[in-house]
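Below is one structure, written out as C-alpha cells; the observations come after it.
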Amino acid sequence: MTMQWWRDAVIYQVYPRSFADGDGDGVGDIAGIRARLGHLRDLGVDAIWMSPWYPSPMADAGYDVSDFRDIDPVFGSLSEAEALIAEAHEAGIRIIIDIVPNHISSEHPWFKAALAGGKERDYFWFRKSQNMPTNWTGEFGGTTWTQTPDGDWYLHLFTPEQPDLNWEHPDVRAEFESILRFWFDRGADGIRIDSAALLFKDTTLPEVVDGEPHPFHDLDAVHDVYRSWRRIAEEYEGRALIGEVWMPDVERFTNYLRPDELHAAFNFDFLGCAWDPYLMRSCIDRTLDAHARVGAPPTWVLSNHDVTRHVTRYGRTDTTFSFENNLDGTPVDLELGTRRARAAALLTLSLPGSAYIYQGEELGLWENENIDPDQMQDPMYARRGHTRDGCRVPLPWSGDEPPFDFTTGVPWLPQPAEWKDRTVQAQTGDPNSMLELYRSAIGLRTFTDTDFAWLDRGEGVLAWTRGTDFACVLNLSDAPVPLPEHRDILLASSSLDGDLLPRDTAVWLRL
Ligand code: NOJ
C-alpha cells in the first residue's frame, strides 16, 4: 500500500472496553487486544482505530479524558500501548488513536485548577450570570451549562463531566499540538478527531435560531486548527487525520477535507441512509461528487459505537438512522437485517475509498435491546431515552454461552445467549458465515485504485464496475434479477436463485 494508505484502507474500530478482556475484570483491555490481534490479521484489515484508552472517570465511556498522555489502568499501561502499536505494525496493521479536543474530563488537572480560580479558567467557558447563559440543548439532550458553587456557569455540550475547552485560547491549541506529536512519536499512524466540528463557539453566545448561523456547529475558525494539525501530520510520514464530522450539508462537510485539512471523515450521510435503491444511489453519487471536488477519499461506514447496529437497523421497517428518530424497541426481523447486512458488506467494500468496520459487524452481531436499565451505562440514556449500550456489548469469541471467552469474569454489559453461533470460533471455516464473507471480501479487494462507473441494470438494482474486469451488483428491487454477462462469480452475499440474483443480495463478478 502506498504511503497514502488511508485512501483505500479497510479500518477496523476497536472499542477497547468490549473487544477482549485480558485480566478477568469484565472490561476489555490492551492485554486482551494483544492476545486477539490474530483475529484482525486473519480478517485482513489495514488499520485499527482505537476508541479512547486514556485515564478517565468514564462518565462517557472514556470520551471524558483526564490525561491524554497515559492509559487508564482499566485498559493497561502506556508501555502496553506501545507494545500493541509495535505488534500491530509487525502484523502489517496501522494504528489510529482517538483524540477528543472539544472537551476534557472535569477531573483533568486543568479543570480542577480552573475551579480553584487559576489562570486555567480561561481555557474553558465560564460565565458570570444570574440565569443560565443560554438555552442551548446539549448533544445528548439536556442543558449545556452547570453552575459551580461560586455561582458561575460553565459550558458543556455533552455531560457536566465534559467541560468544553475554549479554542480561542492559544494554550489549548498548543496543548493539543503537543498531544498529537506525543502519539505520532509513539508510532500512531492516524488520529480520529472526536466531535471535530464543535470546537468553536460564537463568543457572543446567541440562542440557536432556525436560519441563523449556529452558535456552536461548524464555525469557520475550526478550519485553521485542522490546517495546523495537517502541517504537524506532514512533518511525519504516512499519518492521517480522520474527522468525526456530523454535517447534513455535504458541501460544508467536505470543507473539512480540503487538501490542507483532514485526510478523511466518516460518511454519516451514508450510515443514516435508508435501505432503498434511489436513496442509496443518490447518497453514493453525492458522496463521490463532493469528495472528488476536494480530492479526498470517500469513506463507507455502516456502524460504530454510537449508532444502532446495522443488522438491527436493516431489519426494521424504517431502515434509517438518526439520533432524533429513536427506533429502540420497534420490531426487528433479524434474518432480513442479516441478509441485508451481508449485501451491505459487499457494497461498502467495493465502492471507491476506504471502508470502516465496527467490531462485531464482521460477526453479524445485532443490537442488544434487552439490557436492563440498571445495567445501562451510557449517559445519553438518561438525557435522550436512547441508549448506545446495545451496540457496545462485549464480543463473543468462543464457547456456547456467555461470556463466550470475552472474559473469565462477568462482562460489563450482558451478551445475548443467542450469540453462541456468532462467535469467532463458531463462524471460522463455515463458508456461509458473516465472518468468512468479510474475510473473503477483504482478501479479494484488489481493485481499489481502479475507476468506478455505474452499470445500468434496471430499476431497483445498483451495479457498478471497478476497472474493466470487476463488477458489484446489488439487488434492492423486490424480485430476482438476471446477472450481467460475467466470467466468474467471485463472491455472493446469499445463494443465487439459479442464474438470478435474489432481492437483498449482492454479488461480486469477474467480467
Ligand atoms: C462522539 C463519540 O463517538 C461519542 O461516543 C461521545 O459520546 C461524544 N463524541 C462525546 O465525546
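Bear in mind that the values in this text are calculations on the coordinates, not laboratory data. Here the structure is a predicted model, which means the values were calculated and not measured. Every residue, glycine as well, gets a Cβ built from its backbone with ideal geometry; the counts of neighbours run over all protein chains shown.
Phi angles of region 443-456 translate, via the Karplus equation with coefficients 6.51, -1.76, 1.60 and θ = phi - 60°, into HN-Hα couplings of x, 8, 6, 10, 9, 5, 9, 9, 5, 9, 8, 6, 10, 7 Hz per residue; Gly and Pro are given as x.
Maximal additional length on extending the His169-Asp25 stretch stands at 47.8 nm, based on 0.36 nm per residue less the C-alpha distance.
What the phi angles of region 423-432 give under the Karplus curve with 6.51, -1.76 and 1.60, with θ = phi - 60°, is a coupling list of 5, 4, 4, 5, 8, 5, x, 8, x, 8 Hz, glycine and proline written as x. With contributions of -39500 (n - 2.57) from each DSSP H run of at least four residues, the per-residue ellipticity at 222 nm computed over the chain stands at -7500 deg cm²/dmol.
Region 142-202 and region 409-441 have Cα centres spaced 37 Å apart.
With everything on Cα atoms, drop me the angle between helix 277-294 and the longest principal axis of the chain, reported from 0 to 90° to the nearest 10. The angle comes out at about 60 degrees.
A crude spin-label estimate for the pair Gln130 and His214, with each label 7 Å from Cα along the Cβ direction, gives 3.2 nm. At what distance in angstrom do the alpha carbon centres of region 350-385 and region 235-263 lie from each other? Cα centroid to Cα centroid, the span is 24 Å. Taking 25 °C and 0.890 mPa s as conditions, region 447-509 diffuses translationally at an estimated 210 µm²/s according to Stokes-Einstein applied to its Kirkwood radius (Cα pairs).
Taken about its Cα centre, region 95-173 carries a charge dipole of roughly 200 debye when the Cβ of each Lys and Arg holds +1 and the Cβ of each Asp and Glu holds -1. Pairwise alpha-carbon distances in the chain exceed 38 Å for 25% of all pairs. Put a plus charge on the Cβ of each Lys and Arg, a minus charge on the Cβ of each Asp and Glu, and nothing anywhere else: the dipole of region 284-347 about its Cα centre is then about 240 debye.
Take every DSSP beta bridge whose two residues both sit in region 1-112; close to 0 percent of them are antiparallel.
Listed peptides 134-143, 311-320, 110-119 appear in the order 311-320, 134-143, 110-119 once ranked by packing, highest mean of other Cβ atoms within 10 Å at the front.
Between Thr319 and Trp275, the built amide H atoms are under 5 Å apart, and every one of these is 5 or more places off in sequence or on another chain. Distance between the pseudo-spin-label points of Gln425 and Glu177 (7 Å out from Cα toward the beta carbon): 5.2 nm. Annotation: amide H of Ala47 within the under-5 Å range of Val10, Tyr12, Arg94, sequence separation 5 or more or interchain, hydrogens built in the peptide plane. Rg/Rh for region 109-155 (Cα atoms only, Rh after Kirkwood) is 0.99. Report the one residue of Ser350, Ala240, Thr450 whose Cα lies farthest in the direction of the positive end of the charge dipole of the chain (charges on C-beta: Lys and Arg +1, Asp and Glu -1; origin at the Cα centre). Checking the options against the dipole of the chain, the answer is Thr450. Axis of helix 222-235 versus longest Cα principal axis of the chain: the two differ by about 70°, to the nearest ten degrees.
In region 95-204, the alpha-carbon atoms span a convex hull of 107 Å³ per residue.
Taking each residue as 0.36 nm, the span from Asn432 to Tyr236 lengthens on full extension beyond its C-alpha to C-alpha distance by 66.3 nm. If R0 is 30 Å, the Cβ-Cβ spacing of Thr148 and Leu205 corresponds to a FRET efficiency of close to 0.95. Mind jotting down the distance between the C-alpha centroids of region 266-331 and region 63-112, whole Å? Region 63-112 and region 266-331 have Cα centres separated by 29 Å. Using 0.36 nm per residue, how much length does the chain from His223 to Asp289 gain when fully extended, once their Cα-Cα distance is taken away? This chain segment gains 21.6 nm when fully extended. Roughly what % antiparallel, to the nearest 5, for the DSSP beta bridges in the chain? Expressed as a percentage, antiparallel bridges in the chain total about 55.
Farthest towards the positive end of the charge dipole of the chain, among the residues Leu490, Val10, Phe182, is the Cα of Leu490, using unit charges on the Cβ of Lys, Arg, Asp and Glu. Listed values for region 496-511 are Karplus-derived 3J(HN,Hα) couplings in whole Hz (6.51 cos²θ - 1.76 cosθ + 1.60, θ = phi - 60°), namely 7, 9, x, 8, 9, 9, x, 5, 6, 10, 10, 9, 9, 10, 9, 8, and x replaces Gly and Pro.
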